[in-house]
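First comes the structure, then the notes that go with it.
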Amino acid sequence: PKTIFSGIQPTGVPHLGNYLGALRQWVTLQSEAAKDTTLVYSLVDLHAITVQQDPKQLQQWKKESLAMLLAIGLDPNKSTIFHQSDIPAHAELMWILSCQASTGYLGRMTQWKDKTANEKDSSKKLKLGLLSYPVLQAADVLVHRATHVPVGHDQAQHLEFARELANGFNHTFGGDVLIPPETLISPARRVMSLKDPMAKMSKSHPNPNSRILLTDSEETIRRKIKAAVTDSMDGITYDPEGRPGVSNLIDILYHSDAHPAYSSQDELAKDLADLSMRELKDRVADTVETSIKHIRASYAHFLHDNDHLDSVAAQGAEKAAKSAAITMKAVKSAVGLS
Ligand code: ATP
Ligand code: MG
C-alpha cells in the first residue's frame, strides 16, 4: 500500500508553476490510485505564517486555496483534503522532531539562505519558524506515514532532510516508527518567473506579472506572456543556460500541451525554429489558455459555495486526525512520553 502526501501554502492563488510542478500530478495520482493507495493533500497554513501575513488576507487565501484544490479536480471522497492547523499533531510531531534536528543542517538549506539573504545584518528579524520550516514539513509527511511525496524541484532538499530525520529517529529509538518517504519530482520540475527567468515562479514574489495565476483571464494570460522577458537573438532555440527566458516559454509550452507530439523540448524547439518571438508567445498563450481554462471556470463555481467548502474541510480534518493519531501513538511510546 502507498500513501501519497503533499502540501501547498495558502499564500496566494496558485500559479502555473504550482500546477505543472505539483498540483497536476496530485490529480493524476488520484485518478491512477489503486484501491490500497491513500491520498492526503494539505493546505499548509502553519508554513504560511513563517513569513508575516495579514490575518484577513490569510483567511481569504485559505478559502481560495481550498476552492482551487477542488477546481483542479481533487475529489474529497478520494483524497483527504485539509487545513494543516486543524490537526495539532503536525505541530506536536514537529516539536519532537525538533529535538532531533541539527541546526547546522537547517542553516544550510537553500530556502533559508534565500529568504534571509537580505536580512543578514539583523538577527532580530530572522525568525525561528523560518529556520525550522523543514522540520514542520518533515512532520507533515511523516505524521501521515507518506511513502511518496509529489513536489516541485525546490522541495527536494527538504524531503532529503525529512528522510534523514526519519532514519535518525528510527535509529535512536529503535524500530521502524517513521517511514522515510520517496520524492516524486514532476517532469515540469521548475517553471521560471516570466520577469526573471533565473528565478522560479513564486506566489509570494512582489511582481504579479512574474506569474500566471490559475484564475487569470485569457486576456491577462496573453498580456503577461507577451511581456515575458526573452532576448533579441534571431529564431527560436532551446538553450536553458544561454536563453533562459525563451527556454522557459518552450518548457511551459511543452508541459502544458495535453497531447504532446514531441518527446523532448529540443524536438519541439526544432519545429518552432522559424517563428518570431511574437508568434512563439502567441502559441504559448494559446496552449496555456486551453490547458487551464476549465480550472478557472470550475474555481468560480467552488469559491462561492461556502457550505461545501466548510464541509470538505471538516470531512478532511476528521480523516487527517485519525491518520495522524496512529503515528503519534507510536512516536510517543517510542520516545517514552506515554
Ligand atoms: P511561496 O512563494 O509562498 O513559497 P510557491 O509558489 O513557492 O509559494 P509553495 O506553496 O511553496 O508555492 O509550493 C507548492 C508546490 O508547488 C510545491 O510542491 C513546490 O515544489 C511547487 N512549486 C512552487 N513553485 C514552483 C515552480 N516555479 N515550478 C515548479 N514547481 C513549483
Ligand atoms: Mg515556496
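So the values come out like this:
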| quantity | calculated |
| --- | --- |
| Any hit, region 241-257, residues being under 26 Å from Gln53 (Cα atoms) and either more than 17 Å from the chain's Cα centre (by Cα) or more than 16 Å from ligand 2 (Cβ to nearest atom) (or both) | no |
| Qualifying helices (runs of 4 or more DSSP H) (wholly inside region 3-90; at least 3 residues being more than 15 Å from ligand 1 (Cβ to nearest atom)) | 24-32, 55-71 |
| Flag for Asn248 being in contact with a strand residue (DSSP E or B) (Cβ under 6 Å, 6 or more places away or on another chain), modelled with pLDDT of 95 or more, within 28 Å of Ser65 (Cα to Cα) and of a type in the set (S, T, N, Q) | yes |
| Number of the condition not met by Tyr299 [criteria: (1) surrounded by fewer than 15 Cβ atoms within 10 Å (Cβ to Cβ); (2) in contact (Cβ under 8 Å) with a residue 12 or more places away in the chain; (3) among the hydroxyl-bearing types (Ser, Thr, Tyr)] | (1) |
| Which numbered condition Pro10 misses (of (1) crowded, with 23+ Cβ neighbours inside 10 Å; (2) more than 13 Å from ligand 2 (Cβ to nearest atom)) | (2) |
| Options Leu159, Leu194, Leu249, Leu184: the member that is assigned to a loop (DSSP other than H, G, I, E, B), on the phi < 0 side of the Ramachandran plot and within 15 Å of ligand 1 (Cβ to nearest atom) | Leu194 |
| Members of region 1-21 that are closer than 16 Å to Ala146 by Cα and of a type in the set (A, V, I, L, M, F, W, C) | Ile4, Phe5, Ile8 |
| Every residue from region 152-201 that is under 18 Å from Ala330 (Cβ atoms) and hydroxyl-bearing (Ser, Thr, Tyr) | Thr172 |
| Filter result for Ile221 (among the β-branched types (Val, Ile, Thr), within 21 Å of Met68 (Cα to Cα) and away from ligand 1 (no atom under 13 Å from the Cβ)) | yes |
| Looking only at region 163-201, and only at residues there that are among the hydrophobic types (A, V, I, L, M, F, W, C) and within 16 Å of ligand 2 (Cβ to nearest atom), the one that is surrounded by the fewest Cβ atoms within 10 Å (Cβ to Cβ) | Ala199 |
| Flag if Val141 is assigned by TED's automatic domain parsing to the domain that holds Cys99, within 16 Å of ligand 1 (Cβ to nearest atom) and not in a helix (DSSP H, G or I) | no |
| From the options Lys113, Lys78, residue that is touching a residue at least 12 places away in the same chain (Cβ under 8 Å), among the charged types (D, E, K, R) and more than 20 Å from Val191 (Cβ to Cβ) | Lys78 |
| Qualifying residue in region 130-138 (condition: of a type in the set (Gly, Ala, Ser), buried (at least 23 other Cβ atoms within 10 Å of the Cβ) and either under 20 Å from Leu46 (Cβ atoms) or in contact with a His (Cβ under 9 Å, 6 or more places away or on another chain) (or both)) | yes |
| Odd one out for Ser232 among (1) surrounded by 16 or more Cβ atoms within 10 Å (Cβ to Cβ); (2) part of a loop (DSSP other than H, G, I, E, B); (3) more than 15 Å from ligand 1 (Cβ to nearest atom) | (1) |
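To keep it simple, each residue is scored yes or no on (1) in the same structural domain as Val284 (by TED's automatic domain parsing); (2) at pLDDT 95 or above.
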{"site": "Leu126", "(1), (2)": "no, no"}
{"site": "Phe161", "(1), (2)": "no, yes"}
{"site": "Glu164", "(1), (2)": "no, yes"}
{"site": "Phe169", "(1), (2)": "no, yes"}
{"site": "Ile185", "(1), (2)": "no, yes"}
{"site": "Ala199", "(1), (2)": "no, yes"}
{"site": "Ser204", "(1), (2)": "no, no"}
{"site": "Arg222", "(1), (2)": "yes, yes"}
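Residues checked against (1) under 30 Å from Gly175 (Cα atoms); (2) outside any helix (DSSP H, G or I); (3) not charged (D, E, K, R):
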residue: Thr290; (1), (2), (3): no, no, yes
residue: Arg296; (1), (2), (3): no, no, no
residue: Ala300; (1), (2), (3): no, no, yes
residue: Asp307; (1), (2), (3): no, no, no
residue: Ala321; (1), (2), (3): yes, no, yes
residue: Val331; (1), (2), (3): yes, no, yes
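A quick yes/no check of all residues on (1) under 19 Å from the mean Cα position of the chain (by Cα); (2) in the same structural domain as Lys127 (by TED's automatic domain parsing); (3) closer than 26 Å to His308 by Cβ:
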{"position": "Lys62", "(1), (2), (3)": "yes, yes, yes"}
{"position": "Met68", "(1), (2), (3)": "yes, yes, yes"}
{"position": "Leu74", "(1), (2), (3)": "yes, yes, yes"}
{"position": "Ala91", "(1), (2), (3)": "no, yes, no"}
{"position": "Asp114", "(1), (2), (3)": "yes, yes, no"}
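The values are calculated or read from the model by the stated rules, or taken from the named source; none is laboratory data. No experiment lies behind these values; they were computed from the predicted model shown. Cβ sites come from the backbone with ideal geometry, for glycine too, and all protein chains shown count toward neighbours.
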